[in-house]
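Asker: Before I ask anything, here is the structure I am working with.
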Amino acid sequence: MSTSNPVLIIGAGVAGMTAAVELADSGIKAILVERQETVGGNALDLYKAFPTDDCFYCFEGNRWRPGIRKCFYRSALIDQPNISLKMNSEVNTISGKPGQFTVTLKVGPQYIIPKKCTMCGLCIEKSKAFHLLSPQCQPQAVVYTPSINDDGAKQAEEECPTKAIRLNAQPTEETVKVSDIIIATGYHEMKPVNMTEYGYGKHPNIITQLELAKIIDPNGESGGVPVRPSDGKPVKRVMMVQCVGSRDENYYPYCSKICCVFALKHANILTQERDGVQVSVVYMDIRTYDRYERYYRTARESGVEFIRGRVSLIQPGEDGSLDIVVYDSLLNKYLKFSVDLFVLSSALEPPEGTAKLIESLGLKSASGFIGIADPISENEVVVGDHIYACGTALGPAEVPESVTQARAAVSKIIQSRK
Amino acid sequence: MTEMEEQSGPPTTLIDPIDMSKLDTKFREQIKSMPNSEELSACFACSTCTAACPIANIWQYKPHQLIRMIILGMKEEVLSSSEIWLCLTCYQCQERCPQKVRVTDIFFDCKNLAAEEGKVPSNIIGLGKELLEKGQLYTVTADWEREDLGLEPAVPGLSVEAVKTILKETRTNKLVEGGE
Ligand SMILES: Cc1cc2nc3c(=O)[nH]c(=O)nc-3n(C[C@H](O)[C@H](O)[C@H](O)COP(=O)(O)OP(=O)(O)OC[C@H]3O[C@@H](n4cnc5c(N)ncnc54)[C@H](O)[C@@H]3O)c2cc1C
Ligand code: SF4
Ligand code: SF4
Ligand code: SF4
Ligand code: SF4
């Protein structure tokens, strides 16, 4: 058994990053494959995170925020010699047998060498081809869009003070041998375009919760001031609707588990930290498991309006507002609201490519997410022989749960090598 | 982008919704500032209060709905509802509320506000009138009951005249006079 072989981790969200760092710190090499240009996954622009209300990605950009710890991942992913981070990359094929997998990777071109880039911003001024994804991006480096290959870009390549730019970088294919695979491919927030009753995609002020998170992030474009996407005007009235595509046999039969909590988190941020914003939440059940009930009580105390029922009708009003009629099942009455922002708590679904991964590795599926190998056992991170999964790849979960599962997967691997 | 012509769902004219902008958003705060009503907004509409109530089965608006209407700002409907007066003040709802909302006390506050606006049902005015005229609501007529219990026939120390004088200076008198 080639126990010195590295471990392949697919996906560099909170779960994949935790697994990589924990393995590396235990002396096991980890190959961390991420298809995006930044690690962090869905938690990148979440601003405050429950349950502690501080930020999980404590990079330089938000040091000023109260209660921030400096994130240990920052240097680890780039500098820890046991971690090999493959950005812009995907797994192509997996062959071999458990414990001795042969994996081919499609590694994206490395236009910017992250260890060299200091984010000085020179290239961004020279050409639109360079931009910063987020102040919290990781690797802490600019990204390059090859389709905008202009003169400015060439100039930037020459003038970059640290010589971090390689415009002619090419994609490569690599073959690696790994002992174990950790699937940490996360989730995708459903874009509810097919649910015509909610008008998503038809009106700019109808958005999802992840889109709202970006708008209210103090690091975002408006500096955290809630503004309407239609005209940038300040938002005064917000309506949220729960269970969009979740608990719905036409879409996803399961409860997405955390959307009630993040809707409440957003409602509390809006009513408590922003000026004069009124929030209404339309719900069927508010599901705030264990400690999260506190968010619900706080929301009611701070004046958030809860309406048990469903949305009946949405009509664009004048001046970019939306007229919304809601059936209130507790009163048996219809209520009419005028709002600036209509926010959908949309289902958390398996990310693209999950079905293929499940099929090629012969895994079980749990409503489309990675299913655990033996549902009766308590090994919820074991999904196959030498194959593990953690975080939201297994289904909707909060960050603490994702991190705990990542650690569990790592501890299983360490045990198996003893 | 703003093409939302194709509508699904019933036409607004048929639903005739309550226009939220016409409701009194301050009503909630007004009630909250009154005695024992601080916990109003903690209500999460579980309807325990209604389940506990011995009389709500005949009410149009159940206790949890009245609380909800207060929170939404339906001042007019709440203060002119008959339910706040039909309440037996038995406190069952308040005892059982899991969020410590003082439902019965809130209904008292509603009655006080309704009275201030002159919205008191005529039978209640009738009771007030009787109180003002007789100085007591229940006159003891069956002397034998007291006798059977070994008590003297007249209630000792009962001074209906004093009560009548005091009542003249209270809001009860103003309400009764205003109601006439
Ligand atoms: C609006 C909103 C607010 C939230 N707020 C909170 C909060 O306050 N507190 C909290 O604890 N949780 C919160 N969450 C939940 C939180 O986002 C998740 O728990 C967490 O991000 C899960 O991390 P993950 O690593 O499992 O998945 P992800 O963050 O989804 O990461 C998966 C990564 O894998 C990559 N990937 C996927 N497939 C492949 C592939 N085939 N090849 C290569 N890479 C791949 C993706 O690009 C991504 O980077 C919130 C969620 C939402 C939607
Ligand atoms: S000029 Fe070089 S160091 Fe500066 S941000 Fe661009 S790539 Fe990074
Ligand atoms: S967490 Fe809440 S909003 Fe999300 S699916 Fe479950 S009940 Fe619906
Ligand atoms: S019992 Fe309390 S929390 Fe429940 S509906 Fe009545 S007032 Fe609200
Ligand atoms: S106090 Fe009134 S509302 Fe409450 S249970 Fe008794 S009768 Fe019903």
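Asker: Assuming A:ASP290 fulfils every condition listed in (1) within 9 Å of chain B (Cβ to nearest Cβ); (2) at pLDDT below 95 apart from one, which condition is it?
Answerer: In the conditions (1) within 9 Å of chain B (Cβ to nearest Cβ); (2) at pLDDT below 95, A:ASP290 misses (1) alone.
Asker: For the stretch A:309-386, which fully contained strands (runs of 3 or more DSSP E) count at least 1 residues that are outside the structural domain of A:ALA406 (by TED's automatic domain parsing)?
Answerer: A:322-328, A:333-339, A:341-346
Asker: For the stretch A:243-281, give me each residue that is under 10 Å from A:VAL343 (Cβ atoms) and within 13 Å of ligand 3 (Cβ to nearest atom).
Answerer: Result: A:VAL244, A:ALA263, A:HIS266, A:ALA267, A:VAL281.
Asker: Within the bounds of the stretch B:36-44, is there any residue that is open to solvent by less than 20 Å² (accessible area, probe 1.4 Å) and more than 9 Å from chain A (Cβ to nearest Cβ)?
Answerer: So far as the stretch B:36-44 goes, yes, one or more of its residues are open to solvent by less than 20 Å² (accessible area, probe 1.4 Å) and more than 9 Å from chain A (Cβ to nearest Cβ).
Asker: Suppose the filter is open to solvent by less than 90 Å² (accessible area, probe 1.4 Å) and among the charged types (D, E, K, R); does B:GLU130 pass it?
Answerer: Considered against the rule, which asks whether it is open to solvent by less than 90 Å² (accessible area, probe 1.4 Å) and among the charged types (D, E, K, R), B:GLU130 comes out as yes.
Asker: Out of all the residues in the stretch A:302-322, which are surrounded by fewer than 19 Cβ atoms within 10 Å (Cβ to Cβ) and at negative phi?
Answerer: Within the stretch A:302-322, A:SER302, A:ARG310, A:GLN315, A:GLY317, A:GLU318 qualify.
Asker: Moving to a separate point now. Assuming A:TYR292 fulfils every condition listed in (1) surrounded by fewer than 22 Cβ atoms within 10 Å (Cβ to Cβ); (2) more than 27 Å from A:HIS188 (Cα to Cα); (3) touching a residue at least 60 places away in the same chain (Cβ under 8 Å) apart from one, which condition is it?
Answerer: The failed condition is (2).
Asker: Suppose we keep only residues that are within 8 Å of ligand 2 (Cβ to nearest atom) and not in a loop (DSSP other than H, G, I, E, B) within the stretch A:145-169. Which one would you say is farthest from the other protein chains (Cβ to nearest Cβ)?
Answerer: Restricting to residues being within 8 Å of ligand 2 (Cβ to nearest atom) and not in a loop (DSSP other than H, G, I, E, B), the top hit is A:GLU159.
Asker: Identify the residue in the stretch A:215-247 that is aliphatic (A, V, I, L, M) and in a loop (DSSP other than H, G, I, E, B) and, among all such residues, is surrounded by the fewest Cβ atoms within 10 Å (Cβ to Cβ).
Answerer: A:VAL225
For every residue, the table says whether it meets (1) of a type in the set (D, E, K, R); (2) within 18 Å of B:CYS97 (Cα to Cα); (3) modelled with pLDDT of 95 or more; (4) under 19 Å from the mean Cα position of the chain (by Cα).
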site: B:SER8; (1), (2), (3), (4): no, no, no, no
site: B:LEU14; (1), (2), (3), (4): no, no, no, no
site: B:PRO17; (1), (2), (3), (4): no, no, no, no
site: B:PHE27; (1), (2), (3), (4): no, no, yes, yes
site: B:LEU40; (1), (2), (3), (4): no, yes, yes, yes
site: B:ALA52; (1), (2), (3), (4): no, yes, no, yes
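Asker: Checking B:THR139 against (1) closer than 20 Å to B:LEU175 by Cα; (2) at pLDDT below 90: exactly one of these is not met. Which one?
Answerer: Failed condition: (1).
Asker: Hey, can you tell me all the residues within the stretch A:154-185 that are in contact (Cβ under 8 Å) with a residue 24 or more places away in the chain, among the charged types (D, E, K, R) and open to solvent by 70 Å² or more (accessible area, probe 1.4 Å)?
Answerer: A:GLU159, A:LYS163, A:ARG166, A:GLU173, A:LYS177
Asker: Has the stretch A:50-63 got any residue that is among the acidic types (Asp, Glu) and modelled with pLDDT of 90 or more?
Answerer: No, the stretch A:50-63 has no match at all.
Asker: Counting only residues that are assigned to a helix (DSSP H, G or I) and in contact (Cβ under 8 Å) with a residue 40 or more places away in the chain, which one in the stretch A:186-210 is surrounded by the fewest Cβ atoms within 10 Å (Cβ to Cβ)?
Answerer: This residue is A:GLU197.
Asker: What single numbered condition from (1) surrounded by fewer than 17 Cβ atoms within 10 Å (Cβ to Cβ); (2) part of a helix (DSSP H, G or I) fails to hold for A:ASN250?
Answerer: Tallying (1) surrounded by fewer than 17 Cβ atoms within 10 Å (Cβ to Cβ); (2) part of a helix (DSSP H, G or I), A:ASN250 fails exactly one: (2).
The values are calculated or read from the model by the stated rules, or taken from the named source; none is laboratory data. Quick caveat, the model's predicted, so the values are computed rather than measured. Neighbour counts run over all protein chains shown; Cβ positions are idealised from the backbone, glycine included. For the accessible areas, the whole protein counts, side chains as well, though only heavy atoms, and no ligand, DNA or RNA atoms are used. Shrake-Rupley method; radii C 1.70, N 1.55, O 1.52, S 1.80 Å.
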